[in-house]
Each structure stands twice: as structure tokens, then as C-alpha cells.
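Report on the following structure.
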Amino acid sequence: MTKSPAVWIKVGVLLAGLYFLSQVSSIYLPVILAMVLSFVLNPLVNKIAGIPIGSAKYRIPRGVAILIAFVIAGLILSVIVTFVLFPFVQEFNKLVVDLPTLIDKIKNVTTLIGERASNVQLSGNARGPIEHAFSSAAAYGVSLLHSMVNAVLNFASQIVELVVVPVLTYYFLRDWREIKGGVVAIFPSAMRDKVSTIIEEMATVISNYIRGQVLISVLMGLLVFSGLYLLKVDYPVVLGLLATLTETIPIIGPIIGAVPAVILAYIISPALAVKAAIFYIAIHQIENHVVVPNIMGHTIELHPVIIIISLLVGGQLAGIAGMILAVPVTALLRVLLKHLWNYEDNM
């Protein structure tokens, strides 16, 4: 069947739009943050908009409900700034000042371990891999500390761009139906019901994933901070926030967040490093067997092998950001491919 010129024009416009988006990657951060906030706030907005005013026939307008939700979110944010951000800034500044000394200590510790390992009677075949493992661990620890500092500084440099996030969030929350309708209208009339269903299912999957992931990340960050504070490991606020961020990377994220804490604990004493490692293993088990099953359930319906492969691909394409986005993007692709496969079967 020959396609009409109008279809080819739409395809051309779509491809041109995708090319344009690939050239303006700097807008991705505020747009993604606005989408995340809109998914997180949407249940609250719906509840506020459902509150009756006087007679049961009247409800709070959605635009007003969004503003009320913003005020509530602002109050929560002010509490976070007071009790989390200020201590974090103080600890982070101390970490930046102490970083050269910490790196020297890490190198000295790994050198000492290497010297002690060289005194152990091992075969030539076993000694090489062990020494390589110690040197690799030291290099990774130093690299991770540098990356953490650079990531925070780079994020701070984009604060100006983030001013548009509340505006975008407001329109995403208020005009979601219109935005979806505009996307659906691009497609031929015979496909619009299917496209609308796909978009709704994608929105449900990503909404549940984001809300669940935010809750898990915050909970695990608080647990890490509390545990490290009680163990008297240096920089518990920074390490707790790092755990919150790395929790957004499934499976390997908690391991990434644990490495700097164990290294910093080892600088104080090997015994403290063992305690820190045991603590991380314990909370990781709690997360896997209690927290994640009860909060996430089967939200994304992806096998662990698929998740790991998606993390590798995302990391290769876009580093840490790619790993954070890998799982939700893969979940969206699963929904899309499922519907396209069934759509072809029904043709």
C-alpha cells in the first residue's frame, strides 16, 4: 500500500525533530527533572483536586491544586535544605579540602597491603592477580572520589538552567491530556486508539517506577547515613547522599555507593572497614528481601539479566546518567515492543 504524501511529511518532521533534540542535549536535565517531579507530585495533585468545595458538585481547580502541591513540596524542601543540604555542604567542602590527603592515604594503605601480600607465600600464578586486584581497587576508589566531586560541581554549574523546572512541571501536571492528545494526533486515525493505550501504559509504568525508586533511594540514604554516623565513619552525610543517588542504579548501585565508605573507614582502621562492609551487606539484604519487594513489586517486569545488559549499554552510551536511565528506558521499550508485536499479529 502506497503511503500518502502527508504521512511522509509527518515522518520527515518527526525525524527532523529527533535530530534537533540530539543537538540540544543541554535541555535534557531540566526536562527529565520536570517529568520526574510531575510523576511524583501527580498523586498529591489528584487528591487535592478531588477535595470538594462547599457543595459536592465543586472541586478545587487543577491549576490551583498544582500550586498547593508546590507549596507543600516547598515546605518539605525547606526542611530538607535545613537538615540535609546545609550539613552536606559543610561536609562536602571539608571533603574537597581533605581530598588530596585522602588520596595519599588510600595509596599508602594499598601500598602497605601490597607489601604485606608480597610477604605471604603464594605461587607466581596467584600473586599477580591479587596484586592487580589491590591496585585496581585503589585506582577505582580514587577515581570514584574524583567523579563524585566533579559531578556535584557540574550539577551546581547548571543551577541556572534548573530555574525552568517548576514551570515545566506545572505544565506537565496541568496539560498532560492535551500533550498526549497532541502526540496521538500525529498518527493516522486508525492507529490513534492503540497509540493512546501505549502512552497511558508507558506513563503508568514510568510513574510507578519513579515514585517507588524515589522512596527506596531516600529510605536507603537515611539508613546509610544513620549507620555510618553510629559507626563514626567520616562524612556520613555525603556518603548517605551518595547512597541515595547510587540507589537509582539497580543491582550495582548499592555496591558503587559502598566502596567509598569502606575505603574511608579503612583509612581510620581495618576493623572499622570490616564493620562498614558488614553494615552495607546487611542493609543490602534488607533492601532486596524487604524494601524492594514491598515498594516496587513487579513494576517494570524486567528479568535481572535484561536489567544488567541495559545497565552495561546505558553506561557505555552515557556513563552514570545512562546507567540511571537504562532501566526505565528499557521498561518503556518493553511496553512499546509488546504492543507493536501484538499490533502486527492483529493486522
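We did not get these values from a lab; they are worked out from the coordinates using the rules stated. Here the structure is a predicted model, which is why all the values come from computation and not from measurement. Ideal geometry is used to build each Cβ from the backbone, glycine not excepted, and the neighbour counts take in all protein chains shown.
Points to keep in mind about this one:
- Gyration tensor (Cα) of the stretch 300-346, equivalent ellipsoid semi-axes in angstrom: 24, 10, 8
- Extension gain (nm, one decimal) between Val313 and Val79, 0.36 nm per residue minus Cα-Cα: 80.5 nm
- Under 5 Å between amide hydrogens, built in the peptide plane, is the criterion, and for Arg59 it picks out Ile53 among residues at least 5 positions away or on other chains.
- Measuring max minus min along each principal axis, the C-alpha atoms of the stretch 263-324 give extents of 41, 31, 17 Å (largest first).
- Rounded to the nearest whole Hz, the Karplus-based 3J(HN,Hα) values (6.51 cos²θ - 1.76 cosθ + 1.60, θ = phi - 60°) of the stretch 78-87 follow the sequence 5, 5, 4, 4, 5, 9, 10, 5, 4, x, with x at glycine and proline.
- Ala321 versus Ala271: modelled label distance in nm, points set 7 Å from Cα along the beta carbon direction: 4.6 nm
- Length available on full extension from Leu99 to Lys180: 0.36 nm per residue minus the Cα-Cα distance, which gives 24.4 nm.
- In the structure shown, the pairs Lys107/Lys275; Lys57/Lys180; Lys47/Lys338; Lys94/Lys232 are assessed against 25 Å; a Cα-Cα span above that value is assigned to Lys57/Lys180; Lys47/Lys338.
- Packing-based exposure ordering (other Cβ within 10 Å, fewest first) of Thr244, Thr82: Thr82, Thr244
- Footprinting exposure proxy for Val335, Val167, Val214 (fewest neighbouring C-beta atoms within 10 Å first): Val167, Val214, Val335
- Neighbour counts of C-beta atoms inside 10 Å place Lys232, Lys57 in the sequence Lys57, Lys232, starting with the fewest.
- Estimated FRET transfer efficiency when R0 is 45 angstrom, pair Val89-Met191 (beta carbons, to 0.05): 0.30
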